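The values are calculated or read from the model by the stated rules, or taken from the named source; none is laboratory data. Just so we're clear, the structure is a prediction, and the values are computed from it rather than from any experiment. FYI the Cβ positions are ideal-geometry reconstructions off the backbone, even for glycines, and counts take in every protein chain you see. Ligands, DNA and RNA are excluded from the accessible area calculation, which covers all protein heavy atoms including side chains. Shrake-Rupley method; radii C 1.70, N 1.55, O 1.52, S 1.80 Å.
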Amino acid sequence: MSAPRLTLVGKPGCHLCDDARAVVLQVLDEFPGFSFDERSILDDAELFDAYVEEIPVLLIDDRVHTIWRVDPERLRRRLEEVTA
């Protein structure tokens, strides 16, 4: 099974997005090999329509894991579950 793909959906200049990125990167230090990318709602009309009021949004394999604030312990538990 391949490692989950994490995607942070946000936009430039969003302080909550910056906070979420920092948490995700900190947790991912414990899970090498996971894929992580970022997508801006400003570059994708579909993402804009879906998440404009909810950013940042953390997706795991294209499914919403959390909105607004990423809880490091919750993310860590989820990543442990999918790698077990």
Handout entry: Subset of the range 33-46 (residues that are at pLDDT below 95 and not aromatic (Phe, Trp, Tyr))
Key = Gly33, Ser35
Exercise for the section: Output the qualifying pairs, or none if there are none: Cβ atoms under 7 angstrom, residues six or more apart or on different chains, first residue in the range 1-18 and at positive phi, second residue at pLDDT 95 or above. Expected result: none
Problem - Members of the range 28-77 found to be closer than 13 Å to Arg5 by Cβ and either assigned to a loop (DSSP other than H, G, I, E, B) or among the basic types (Lys, Arg) (or both), listed by number - result: Phe31, Gly33, Phe34, Arg39, Asp61, Asp62, Arg63
Completion exercise
Residues in the range 26-55 that are in contact with a strand residue (DSSP E or B) (Cβ under 8 Å, 6 or more places away or on another chain) and either among the acidic types (Asp, Glu) or open to solvent by less than 80 Å² (accessible area, probe 1.4 Å) (or both) total 12
Handout entry: Residue ID - surrounded by the fewest Cβ atoms within 10 Å (Cβ to Cβ), chosen from residues in the range 56-84 that are on the phi > 0 side of the Ramachandran plot and acidic (Asp, Glu)
Key = Asp62
Completion exercise
Pairs returned, first residue in the range 33-50 that is of a type in the set (S, T, N, Q), second residue that is open to solvent by less than 60 Å² (accessible area, probe 1.4 Å), beta-carbon separation under 8 angstrom, 6 or more apart or interchain, are Ser35/Ala3; Ser35/Pro4; Ser35/Leu6; Ser40/Val9; Ser40/Gly10; Ser40/Leu47
